[in-house]
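Below: one structure, written as structure tokens.
The values are calculated or read from the model by the stated rules, or taken from the named source; none is laboratory data. Just so you know, these numbers come straight off a predicted model, no measurement behind them. Note: ideal-geometry Cβ built from the backbone for every residue, glycine included; neighbour counts use all protein chains shown. Accessible surface is based on the protein model in full, side chains and every heavy atom, while ligands, DNA and RNA are left aside. Shrake-Rupley method; radii C 1.70, N 1.55, O 1.52, S 1.80 Å.
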Amino acid sequence: MTGFRGFNRKKVTIVDVAERAGVSKTTVSRYLNGKYEYMSEQSRRRIAEAIEELGYRPSSLARSLKSRYRYVLGVVVADITDPYCAKLIKGIAERCAQAGYRLLFGDSAGDESRELEYIQDMLDQSVDGILLDPLDRKTGLLWELDDSEVELMVMERTDSAESIVEMGRLYVEELLRCLGQKQENRNI
């Protein structure tokens with residue numbers, strides 16, 4: 001396989017990068033978090049080169065432990081074979097990739113119990129938020145979810161002039177905005 005770094009190799013750690021670059025683990029951490037105030041241009045260049053040479057990829061688990069976010073959003077749709085849902089998911093996936101979020105996806109396939117199972121699985125996996133295209137917009141489930149710690153956004157179907165793909169992007173934007181406000185309120 002060409003172009004796929006790290007295949008069948010041990011996981012490269014921040015310590016490996018620090019050793020290769022000849023700097024401390026703390027300096028690499030600061031570099032990864034964009035805090036360049038206390039490092040020279042030469043150190044930044046050596047760290048960047050070490051990251052490239054080693055194929056370092058930050059651990060999403062470590063990142064989530066530090067920030068209380070997992071950087072994972074759940075998406076549950078009523079029917080993936082529906083062209084509307086497929087286009088919506090395309091927009092959601094594009095925006096999540098830009099924002100550094102991964103997706104957990106569920107297709108209820110028109111089955112309310114399956115929809116509930118996907119939602120419960122996502123809650124059990126501590127997703128940061130859920131985008132839901134519910135089978136029944138009047139269900140009590142929506143009220144129960146509204147009381148949970150997880151941010152929920154019910155996606156409304158519409159025939160607006162906006163493209164469906166763009167609507168998917170906008171739903172993610174709004175959910176991320178809500179998550180940011182939630183994080184700010186925790187820090188007060």
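Below are the figures for this structure:
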quantity	calculated
Area of Asp136 that stays accessible when all protein chains are in place (1.4 Å probe, Å², to 10)	60 Å²
Computed E for Arg157/Arg102 - FRET, C-beta separation, R0 25 angstrom, nearest 0.05	0.50
Lys87 accessible area, 1.4 Å probe, all protein chains in place, Å² to nearest 10	110 Å²
Residues with amide H under 5 Å from that of Val12, placed H, sequence gap 5 or more	Arg57
Virtual spin-label span in nm between Asp111 and Glu52, 7 Å along Cα→Cβ	5.0 nm
Label point distance in nm, Lys87-Tyr36, each placed 7 Å from Cα along Cα→Cβ	4.2 nm
